[in-house]
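Enquirer: Here it is, the structure in full.
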Amino acid sequence: MITGLKPRGFVWVIQDRLAVSDRIGGNGFQHRRVRREEEINWIVREAKVTAVLNLIVGHPNQQSYQEAGLATYSCPLEGSPTQTQVKEIHGMLDEALAASSARVLVHRETVDDVVAGLVGSYLISTGLLTDPIVAAAVIQEIVGRPLGPDGRALISM
């Protein structure tokens, strides 16, 4: 049985509930249809993801996700999100995670400050964490990279 290919940057933020990764199939000139199919196969069969929140402008892969049986959510972001967009994304995550069996993947071209900051702010909005400084430290540890000023600003929104 083909197990697929783990997407770059894939990591669980909330174990078996909320994950982040780079764009499925690679980004820019590295994006390949075969890689996309393998990564979708992995997120469905291995990670058992049930929904994808796409933050990339242009809705790439939306049809492929739907064909794989994944619920899809989209909030295309150019640059850093506004406070209104942050609230919209939190609402989408609440909806996507409503079922106890839900597993949601959030992605952009790469796991950057925006993605890390958004999931950090989501952890605060849900009450899982209460201190923005702790949230920043936790997110840095989870994604394995330092969080810059843009990501820290999102956590504090």
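Computed from the coordinates by the stated procedures, all read-outs in this text should not be read as laboratory data. What you see is a predicted model; the values in this text were computed from it and never measured. Cβ: placed from backbone, ideal geometry, glycine included. Neighbour counts: every protein chain shown.
Enquirer: Have a look at T110, L55, L70 and report the one farthest towards the positive end of the charge dipole of region 50-125, computed about the Cα centre with Cβ charges (Lys/Arg +1, Asp/Glu -1).
Expert: The residue sitting farthest along the positive end of the dipole is L70.
Enquirer: Let me ask you something else. Given H placed on each backbone N at 1.01 Å, which residues far from R8 in sequence or on other chains put an amide H within less than 5 Å of it?
Expert: It is D22, by chain and number.
Enquirer: Sticking with this structure for a sec: For an R0 of 25 angstrom, estimate the FRET efficiency from the Cβ-Cβ distance between T82 and R35 and round to the nearest 0.05. Walk me through the numbers before you get to the answer.
Expert: Values: r = 32 Å, r/R0 = 1.29.
The value I calculate is 0.20.
Enquirer: If the viscosity is 1.306 mPa s and the temperature 10 °C, what translational diffusion coefficient in µm²/s does Stokes-Einstein give for the chain when Rh comes from Kirkwood over Cα pairs?
Expert: In µm²/s, the coefficient is 103.
Enquirer: Would you mind ranking K6, K48 by Cβ crowding within 10 Å, fewest neighbours first?
Expert: With the fewest neighbours first, K6, K48 line up as K48, K6.
Enquirer: From the helices alone, meaning DSSP H stretches of at least four residues, give me the mean residue ellipticity at 222 nm for the chain, per-run term -39500 (n - 2.57), in deg cm²/dmol to the nearest 500. Walk me through the intermediate numbers first.
Expert: Details: 6 runs with 65 residues, N = 157.
Taken over the chain, the calculation gives -12500 deg cm²/dmol.
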